[in-house]
Amino acid sequence: MKVVILAGGFGTRISEESVLKPKPMIEIGGMPILWHIMKIYSFYGFNEFVICAGYKQHVIKKWFSDYFLHTCDITFDYTGGRDEMIVHNKHIEPWKVTIVDTALRTETGGRVRRVKDYIGDEEFMLTYGDAVGNINILELLHFHHSHGKIGTMSMYNFGQNKGVVEVGKNGMIQAFREKSDMDGDLINIGFMIFKPQIFDYIAGDDTSLENDPMEKLVELQELVGYVHNGYWQCMDTLREKQQIEKLWDTGKAPWKVWE
């Protein structure tokens, strides 16, 4: 099963760093947060990725093309007229990575629609390229298959600073709404799974996945919510980036499920 990662937005709320690179390429502990997200999925055996790029997409492509330069010791040997690069202590992730330019101003649904040919007629996982968590991907997948619906999204109790999801006792999503003093505080944190039928509900580049497509699935009772009770954190602001990096630097990163 392929993992689709949304990595094309402008990241304006963390412009201190995103002015130079896409937000998913902002580093935590010397590696892009995109790498951290991919490592989570890879730990559970999902190693084929489709990255929906847009803003400064060349930075993502360049980073992966130079992967050995970021992860290994390198000798450049020019002696005797040679031009040779020797890679030492080579460590290769078991990844197949497809990076797709989904255009600069395409909405989230439009980006997913643009990579349809790379996904094929099969289920796929989908997440955002700016958040980490210790989500048990295999448990999430089992939850998705046990309900048999078109879509499953992960939810998290994060407080009242985001839009809110209402979910019934049977796990069916009932409504999306803006925060309210009377609302609960389960939010959509990505880590989603969709059957290929989701493409039928994405009209074009201007379609936000979180609006018409998912609201239609709610109406059809084809969207269920998986509640994650562990750690999750997005990186919308510089302060949030610093919080995530502090956990990594002190060896207390809950999302580091790999060795």
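The values are calculated or read from the model by the stated rules, or taken from the named source; none is laboratory data. Just so we're clear, the structure is a prediction, and the values are computed from it rather than from any experiment. Cβ: placed from backbone, ideal geometry, glycine included. Neighbour counts: every protein chain shown.
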### Summary
Only unsatisfied item for Arg239, checking (1) more than 23 Å from Ile135 (Cα to Cα); (2) modelled with pLDDT under 95, is (1)
### Query
For Ser15, all conditions in the list (1) free of Cβ contacts under 8 Å to residues at least 24 places away in the same chain; (2) closer than 19 Å to Trp255 by Cα; (3) among the small types (Gly, Ala, Ser) hold save one; what is the number of the exception?
(2)
### Query
Does the stretch 179-187 contain any residue that is free of Cβ contacts under 8 Å to residues at least 60 places away in the same chain, part of a helix (DSSP H, G or I), of a type in the set (S, T, N, Q) and surrounded by fewer than 16 Cβ atoms within 10 Å (Cβ to Cβ)?
no
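Restricting the stretch 1-25 to residues that are among the small types (Gly, Ala, Ser) and part of a loop (DSSP other than H, G, I, E, B), which is surrounded by the most Cβ atoms within 10 Å (Cβ to Cβ)?
First pass over the stretch 1-25, keeping only residues among the small types (Gly, Ala, Ser): 7-9, 11, 15, 18.
Then drop every residue that is not part of a loop (DSSP other than H, G, I, E, B), which leaves 8-9, 11.
On the way: Gly8: 30, Gly9: 23, Gly11: 24.
This residue is Gly8.
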